[in-house]
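*Asks:* My structure is below; once you've seen it, I'll send some questions.
The values are calculated or read from the model by the stated rules, or taken from the named source; none is laboratory data. Predicted, not measured: the structure shown is a model, and the values here were computed from it. Glycine also receives a Cβ, built like all others from the backbone with ideal geometry; neighbour counts cover every protein chain displayed.
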Amino acid sequence: MKGAGDLSADQLLAIEESWGAHNYHPLPIVIAQAQGAWVTDVDGRRYLDCLSAYSALNQGHVHPTILKVFQEQAARVTLTSRAFHNDQLPLLCRELAERCHSDTVLPMNTGAEAVETAIKAARRWGYQKKGIAPDTAEIVVCHGNFHGRTTTLVGFSSEPEYRRHFGPFTPGFVAVPFGDIDAMHAVIRPETCAVLIEPIQCEAGIVMPPAGYLRAVADLCRANDVLLMADEIQTGLGRTGAWFACDHEQVRPDIYILGKALSGGFYPVSAVVGRADVMNVFTPGSHGSTYGGSPLAAAVARAALRVIDEEQLVDRAATLGRALMKALASIRGGVVLDVRGRGLLVGIELDRPARIYCERLMARGVLCKETHERVIRLAPPLVIAAADLHWMVEQIVAVLH
């Protein structure tokens with residue numbers, strides 16, 4: 001049997017086309033190796049990764065510190081299930097709770113699982129602590145949201161393709177326009193147990209809320225005994241130039257939903273971090289995951305957090321992000337309608353489909369991806385060199401001017 005190294009890019013693409021489900025539309029590149037901010041395809045061509053696996057690679061590809069921990073832990077014990085304790089999970093819980101200035105950590109695997117976990121926590125809290133009548137709790141969400149791909153989560157999406165032919169959907173969600181605090185105020189009722197929100201809507205096209213919006217949402221929740229649940233899966237862990245995007249408005253949610261960069265790209269790790277009085281609604285048997293909180297996952301997540309801290313990647317994202325936004329200011333006009341973002345999370349909105357421009361950037365050695373059809377999403381690893389970021393801007397200017 002041939003190994004991957006014996007096959008050409010065209011052969012590998014043909015095999016995937018024949019045998020893989022067609023639920024993605026990737027750029028036609030086959031990556032074989034990666035290091036830091038750079039990847040190499042099967043033909044030896046190098047590309048600057050400006051997507052970071054949707055912010056899962058804030059620490060860069062194959063970070064040596066995380067790799068060492070991954071290898072050492074994998075040689076000891078990878079999985080115990082939660083039927084037994086392991087020596088890594090307690091330390092992750094403490095370190096992550098302290099980082100979030102919160103109380104309790106519930107580890108899961110994928111971002112979607114973490115969002116589902118947060119929903120369960122909010123509903124049970126609503127019934128047990130707030131006194132909402134059984135099976136009537138409501139959660140407020142925003143138009144344009146992206147919280148994952150489970151049937152519950154796509155059920156309250158406003159994107160038709162995410163929903164088409166996947167119903168019937170879970171009830172109990174009320175959607176309002178993102179950024180409209182009056183609209184949110186209008187739907188808060190005694191049955192409202194939580195607001196689920198992204199501080200920046202990434203999949204919708206790097207949509208920024210109005211200044212003061214997150215603070216207003218937090219105040220509204222507090223005034224009405226409603227939980228604020230922040231989905232920081234893509235925006236958290238340094239991406240926006242703060243540990244969490246909520247920090248920019250000094251907002252501390254009742255529940256943080258984390259994932260992606262929590263693993264540094266090595267292993268699926270997610271977590272729900274929240275107030276003790278919210279998280280203690282879970283009792284033995286009420287929720288679980290075989291792999292969630294495994295010793296390998298916990299060890300990797302601890303290393304991923306340590307890298308962000310020790311290499312000062314939060315400050316780096318803030319500094320490089322300011323330089324990036326300044327450098328991109330010149331491309332406004334022509335096909336470019338808007339450039340927006342925070343830290344190393346930037347969207348370039350075009351007046352036409354963005355796919356062709358992503359393909360042209362790929363031809364120049366820059367990898368990024370369109371989102372919401374007309375927006376180029378830029379989210380390079382936070383370890384990217386300033387010179388490489390400057391070179392990226394030069395390629396973007398050349399393609400869009």
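*Asks:* Give me the pairs, please: first residue somewhere in the range 356-369 and farther than 18 Å from H401 by Cβ and in contact (Cβ under 8 Å) with a residue 12 or more places away in the chain, second residue anywhere and outside any loop (DSSP other than H, G, I, E, B) and among the acidic types (D, E), beta-carbon distance under 8 Å, and either six or more positions apart or on two chains.
*Replies:* L367/D49
*Asks:* Could you list, in sequence order, all residues of the range 197-214 that are of a type outside the set (A, V, I, L, M, F, W, C) and crowded, with 24+ Cβ neighbours inside 10 Å? I'd like the intermediate steps shown before the answer.
*Replies:* Initially, the range 197-214 is screened for residues of a type outside the set (A, V, I, L, M, F, W, C), giving 198-199, 201, 203, 205, 209-210, 212-213.
Selection gives E198, P199, Q201.
*Asks:* Which condition does L91 not pass, out of (1) in contact (Cβ under 8 Å) with a residue 40 or more places away in the chain; (2) closer than 25 Å to I206 by Cα; (3) not acidic (D, E), if it passes all the others?
*Replies:* The one condition L91 does not meet is (2).
*Asks:* Restrict the check to the range 16-36 and report whether at least one residue is among the aliphatic types (A, V, I, L, M), touching a Leu at 6+ places or on another chain (Cβ under 7 Å), within 25 Å of V300 (Cβ to Cβ) and modelled with pLDDT of 95 or more.
*Replies:* no
*Asks:* If you check G341, G333, which single one turns out to be more than 17 Å from A53 (Cβ to Cβ), of a type in the set (G, A, S) and crowded, with 21+ Cβ neighbours inside 10 Å?
*Replies:* G341
*Asks:* For residues that are in contact with a strand residue (DSSP E or B) (Cβ under 6 Å, 6 or more places away or on another chain), in a loop (DSSP other than H, G, I, E, B) and within 20 Å of H372 (Cβ to Cβ), tally how many sit in the range 161-179.
*Replies:* Number of matching residues: 1.
*Asks:* List, please: which pairs have Cβ atoms under 9 Å, are six or more places apart or on different chains, and start with a residue in the range 27-51 that is at positive phi and end with one that is modelled with pLDDT of 95 or more and part of a loop (DSSP other than H, G, I, E, B)?
*Replies:* Going by the 9 Å Cβ cut-off, the qualifying pairs are G36/G60; G36/V62; G36/H63; G36/P381; G36/V383; G36/I384; G36/A385.
*Asks:* Turning to a different aspect of this structure: Can you find a residue in the range 121-138 that is part of a strand (DSSP E or B), over 28 Å from L237 (Cβ atoms) and in contact (Cβ under 8 Å) with a residue 40 or more places away in the chain? Walk me through it before giving the result.
*Replies:* Going through the range 121-138, the residues part of a strand (DSSP E or B) turn out to be 138.
Then keep just the ones that are over 28 Å from L237 (Cβ atoms); that gives 138.
Add one more test, that the residue is in contact (Cβ under 8 Å) with a residue 40 or more places away in the chain, and what stays is 138.
Checked against the condition, which is being part of a strand (DSSP E or B), over 28 Å from L237 (Cβ atoms) and in contact (Cβ under 8 Å) with a residue 40 or more places away in the chain, the range 121-138 yields at least one hit.
*Asks:* When you go through (1) more than 21 Å from D41 (Cα to Cα); (2) in contact (Cβ under 8 Å) with a residue 12 or more places away in the chain; (3) not hydroxyl-bearing (S, T, Y) one by one for Q312, which number turns out not to apply?
*Replies:* Every condition holds for Q312 apart from (2).
*Asks:* May I pose another question? Can you give me the ranges of the strands (runs of 3 or more DSSP E) entirely in the range 1-96 with at least 1 residues that are under 20 Å from the mean Cα position of the chain (by Cα)? Write out each step before concluding.
*Replies:* Numbers: elements: 31-35, 38-41, 46-49.
Counting at least 1 such residues, we get 46-49.
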